[in-house]
Amino acid sequence: MKCLAMAFCLLLSAQGLAKEIKVAVGLSLTPYVIKSKGTGIELDIVTKALSSQGHTPKFIYVPFDQIAEAVKSGKADAGLTLQEAVGGGLHFSDNYVEYQNVAIALKESATNVSSIPDLSKYTIGSFKNAKLYLGPEFKSAADSAKKYDEFAMQVKQVRGLFTKDFQVFVGDQNIFKYYRKNAGRSVNSKQAIDVFKVFSPTPYKIGFKDKGVRDAFNKGLKSLKASGEYRKVVNKYTK
């Protein structure tokens, strides 16, 4: 009886520690965040990692540049897609996602991009405001390119590469893979490609108000990676 009573107390204690976690998320960026479905690479990873530790995330959508402030002000308990430079006394998780911008060309074009300046030799299709986000070296190459277009709708950007509207796609590799997978029958998206990793990857962390919840998330994240479940989440959207 004493053992049963102790087990019951431990169960109540664990339930007391478990709670709903309000998580601030930037507006949709498919396939990382798909607001209309409440899914995406980031949301699925966070849900699985927190749920494995007894917590339930509740996603709150805010403009990307207001994520950190939402946590600092108490509107949210955690914020996604952050870097430690935002400061504010938050407890940052291990890296949970990494964005990787790349240059992609059709293999048949025999394009060769070994550095960012090489892009100036080609016609380029990039994402909205890429000149701002990818730095001065890319801006210089884009300004010197034979042709340069930006796409607010990245599905059109991906289609544009396969329909030869431009020679080089510039953008995140997982975004490319997702829209290639979902390009539709009207576009031959199975054409062979070359991928050039001339941009540095950008890792992101989650900023938590509570250190204990941060530690629980890190534990869940580590388990996801060790079990292969993390890779399954990414592959769900990109393979």
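The values are calculated or read from the model by the stated rules, or taken from the named source; none is laboratory data. Keep in mind it's a predicted model, so treat the numbers as computed, not measured. Here Cβ is always computed from backbone atoms with ideal geometry, including for glycine, and neighbour counts include all displayed protein chains.
Of note:
- Test: residue in the stretch 123-141 that is in contact (Cβ under 8 Å) with a residue 40 or more places away in the chain, farther than 30 Å from ASP44 by Cβ and out of contact with any strand residue (DSSP E or B) (no Cβ under 9 Å at 6 or more places or on another chain): no
- LYS190 satisfies every condition listed in (1) touching a Lys or Arg at 6+ places or on another chain (Cβ under 9 Å); (2) touching a residue at least 24 places away in the same chain (Cβ under 8 Å); (3) basic (Lys, Arg); (4) not in a helix (DSSP H, G or I) except (2).
- Total residues in the stretch 38-80 satisfying the condition of being surrounded by fewer than 17 Cβ atoms within 10 Å (Cβ to Cβ), among the charged types (D, E, K, R) and touching a strand residue (DSSP E or B) at 6+ places or on another chain (Cβ under 8 Å): the figure is 2.
- Conditions (1) of a type in the set (Gly, Ala, Ser); (2) outside the structural domain of THR30 (by TED's automatic domain parsing); (3) without any contact (Cβ under 8 Å) to a residue 60 or more places away in the chain: number failed by GLY171: (3)
- Residues satisfying the stated conditions in the stretch 77-111, i.e. in a loop (DSSP other than H, G, I, E, B) and in contact (Cβ under 8 Å) with a residue 60 or more places away in the chain: ASP77, GLN83, GLY88, LEU90, SER93, ASP94, ASN95, TYR96, GLN100, THR111
- When GLY125 is tested against the conditions (1) in a helix (DSSP H, G or I); (2) not aromatic (Phe, Trp, Tyr); (3) not assigned by TED's automatic domain parsing to the domain that holds GLY212, the lone failure is (1).
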